[in-house]
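Beneath this line is the structure, given in structure tokens, with notes to follow.
The values are calculated or read from the model by the stated rules, or taken from the named source; none is laboratory data. Since the structure is predicted, the reported quantities are computational estimates derived from the model, not experimental observations. A quick note on method: Cβ atoms are made from the backbone with ideal geometry, for glycine too, and the neighbour counts reach across all protein chains shown. Accessible surface areas use protein heavy atoms only, side chains included; no ligands, DNA or RNA. Shrake-Rupley method; radii C 1.70, N 1.55, O 1.52, S 1.80 Å.
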Amino acid sequence: MKILVPLKRVADPDNANKIKIAPDGAKIDTTGLEWKPNPFDEYAVEAALRLTENGATPKVRGGEVVVVTFGPKEADTTLRQMLATGADRAVRVDTTDDALDGSLVARALKALVEREKPDLVLMGKQAVDGDSNQVGQILAELLGWPMATFAATLQEEAGALLVGREVDGGVITLRVKLPAVVTVDLRIVAPTSVYSLATARTHKYADGVRFSALPAIMAAKKKPLIEVPLAELSPDTSLRIAYSKFEPPPVRKAGVKVPDVAVLVDKLVNEAKVL
Amino acid sequence: MTPLHENEEHARLRAEARRFARTEIRPHADAWEEDEEFPRELYARAAAAGLIGIGYPEAYGGGGGDVSHAIAASEEMILEGTSVGTCVGLGSHGIALPPILKFGTEEQKQRFVPPVLRGEKIAALAITEPAAGSDVAGIATRAVRDGDHYVIDGSKTFITSGTRADLVTVAVRTGGAGHAGISMIVVERGTPGFSVTRKLAKTGWWASDTAELAFESCRVPAANLIGEENAGFYAIMANFVTERLYLASNCCAISELAYRESVSWARERRAFGKPIAGFQVTRHKLADMASSIAAARALLSDVVVRFLGGDASAPKLAAMAKNVATDACSFVCDQAVQIHGGTGYMRGTVVERLFRDARLYPIGGGTREIMNEIIAKLEGY
């Protein structure tokens, strides 16, 4: 199986306090931010690797995983990281971070899918920065492919995937014919979430995204990484979403200590007016 | 601050080590320190994450790379895991395996090294004896050749990972007095006559077990002798530069962690109506701490580059780096406790633990005084 995994780099959520907004409020100032792959996209890479191996001998590849991201040269670091995790090839669509929206990314991905001809596009359900949750759905629509979102489990069948989606009160299982677009949720990296045709059903993975050891980190430098200009994939680079203004959340005011319950109730009734 | 000799690979490795330590060590750090032991399975988990074999040849199951990669990973394990004892316990093979790799036969390397790097077996190095520490050439544990075996009698002490070790690289006396009569031999767990006399209680490094070992008419196959008979002293010496770099790097990580803890405490803790970071006395303390760490780091980085480049001054500079880093660590951890006040004196506070851990470094891996002897000798006075 050939799988294309689009991924996005996001500002490290552990450094959220460093996020600054440009004085005119026009955009987020990204200088000094540390980047990391969007966690849901990392989960998609892990799931893609599991679908292209037999579980027991991870070095034997039973397919190909191609990772793609959109961004400037520095975004190569994100791709190299995923190559170290185990992806086979990488594509960077050259552009700047703030000249993108979900629609443009999906339009460009459509052109890339037509070039690469993967059996599956597997991606995170959303990025943890904008939380838009759009690209997978728009891409499936543009391609006219079947789609399953928020996958918690994946099981390969001949020419299809069984996708388990966690919903309120249970699990919906869909059989999706390939090629398809599937977006993944966090439990996709649990030990028994993903099985390729070659993986024994008794196999249990270590929880989470696999670690990349030093040899894999070294080898990642030699794996193919190509650059494609955005306009080559989507001559129309116009955006459908315009950001009007960014502003930080209001600073939280200091709390007050109340001497007893009576005062607390009084404040809840008369000041906060929540009772 | 990223050391200047590190590149993107080191950064990636640091990130992986951080992720491992955050999920596998940090949540259990307090418990393992109090238990004076971490679970044996952690070796296999760390090996699976690629963190045990860094700096060892891939031909023996290692991860490749060199000492710069090994120290980068171990620093992150300490910074993120916060249990120094756990990290040094996981790393005890770092001193036990190099003599085997450097002086052992192909058969010995294939037999002893891969199981350790897979995290299946624990390796320890045993040199120090109750009556011989810094004076390595004075060890008394004797090994007498008897046919295809050596018969070992004597004892070893302060052996990191010694209570659980499956193989111990032991310094023994096979010849006459002095350094020319010492050999290295691997003693495997279960060999009759080899026993753990007791588990030692220490000031710091609680999560790492430390043992006293006894050898009583212990018959070890002569095939376990590492290198030539009576040439063991050189195997011990050859180990020392990297060991000192590891220890200096430990000190940098410990002091960095103590500093970070102190900065966040100083911002949170209020006295006389404002956070204590608002007082010049605290800010200057922190500034001195940061400066000491920066100086130790800069020297360490310098020595790592020189050592990897084959610079002849590396042994001397490694001794200097160990002392400078040790001093920084002792100073920083002491100040960290001071900034934390009463809380810093309480069990369960990270800096209290680091303060105790820090006390090992001017003693272990060659005392501060021995380092100075080496420096003086190499300086030629």
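Numerical summary
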| quantity | calculated |
| --- | --- |
| Residues of the range B:134-170 classified as in a loop (DSSP other than H, G, I, E, B) and surrounded by fewer than 18 Cβ atoms within 10 Å (Cβ to Cβ), total | 6 |
| Among (1) away from chain B (no Cβ under 14 Å); (2) of a type in the set (G, A, S); (3) over 14 Å from the mean Cα position of the chain (by Cα), the one test that A:A84 misses | (1) |
| Among the residues listed as B:R297, B:R260, B:R269, B:R219, the single one being open to solvent by less than 50 Å² (accessible area, probe 1.4 Å), among the charged types (D, E, K, R), modelled with pLDDT of 95 or more and out of contact with any Ser or Thr (no Cβ under 6 Å at 6 or more places or on another chain) | B:R297 |
| Pair list, Cβ under 7 Å, 6 or more apart: the range B:363-377 residue open to solvent by less than 70 Å² (accessible area, probe 1.4 Å), other residue in a loop (DSSP other than H, G, I, E, B) and of a type outside the set (D, E) | B:T367/B:S134; B:I370/B:S134 |
| Residues satisfying the stated conditions in the range B:1-28, i.e. farther than 20 Å from B:G91 by Cα and away from chain A (no Cβ under 13 Å) | B:M1, B:P3, B:L4, B:H5 |
| Residue ID - farthest from B:V172 (Cα to Cα), chosen from residues in the range B:127-156 that are of a type in the set (G, A, S) and touching a Phe, Trp or Tyr at 6+ places or on another chain (Cβ under 9 Å) | B:G133 |
| Residue in the range A:76-85 that is out of contact with any helix residue (DSSP H, G or I) (no Cβ under 7 Å at 6 or more places or on another chain) and buried (at least 19 other Cβ atoms within 10 Å of the Cβ) present | yes |
| Tally, over the range A:220-247, of residues that are open to solvent by less than 60 Å² (accessible area, probe 1.4 Å) and either within 10 Å of chain B (Cβ to nearest Cβ) or among the charged types (D, E, K, R) (or both) | 2 |
| Residue within the range B:171-193 that is under 30 Å from B:E352 (Cβ atoms) and open to solvent by 30 Å² or more (accessible area, probe 1.4 Å) present | no |
| Residues located in the range A:211-236, provided they are in contact with a Lys or Arg (Cβ under 9 Å, 6 or more places away or on another chain) and either outside any helix (DSSP H, G or I) or polar (S, T, N, Q) (or both) | A:F211, A:S212, A:K221, A:K223, A:P224, A:L225, A:I226, A:E227, A:V228, A:S234, A:D236 |
| Qualifying residue in the range B:83-92 (condition: open to solvent by 40 Å² or more (accessible area, probe 1.4 Å) and either assigned by TED's automatic domain parsing to the domain that holds B:V303 or under 20 Å from the mean Cα position of the chain (by Cα) (or both)) | no |
| Any hit, the range A:66-73, residues being within 14 Å of chain B (Cβ to nearest Cβ), more than 29 Å from A:L174 (Cα to Cα), touching a helix residue (DSSP H, G or I) at 6+ places or on another chain (Cβ under 8 Å) and part of a helix (DSSP H, G or I) | no |
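Residues are listed down the side, and each one gets a yes or a no for (1) closer than 29 Å to B:V172 by Cβ; (2) open to solvent by less than 20 Å² (accessible area, probe 1.4 Å); (3) touching a residue at least 12 places away in the same chain (Cβ under 8 Å); (4) not in a helix (DSSP H, G or I):
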position: B:A31; (1), (2), (3), (4): no, no, no, no
position: B:P39; (1), (2), (3), (4): no, no, no, yes
position: B:A44; (1), (2), (3), (4): no, no, yes, no
position: B:S68; (1), (2), (3), (4): no, yes, yes, no
position: B:I95; (1), (2), (3), (4): yes, no, yes, no
position: B:V116; (1), (2), (3), (4): yes, yes, yes, no
position: B:G119; (1), (2), (3), (4): yes, yes, yes, yes
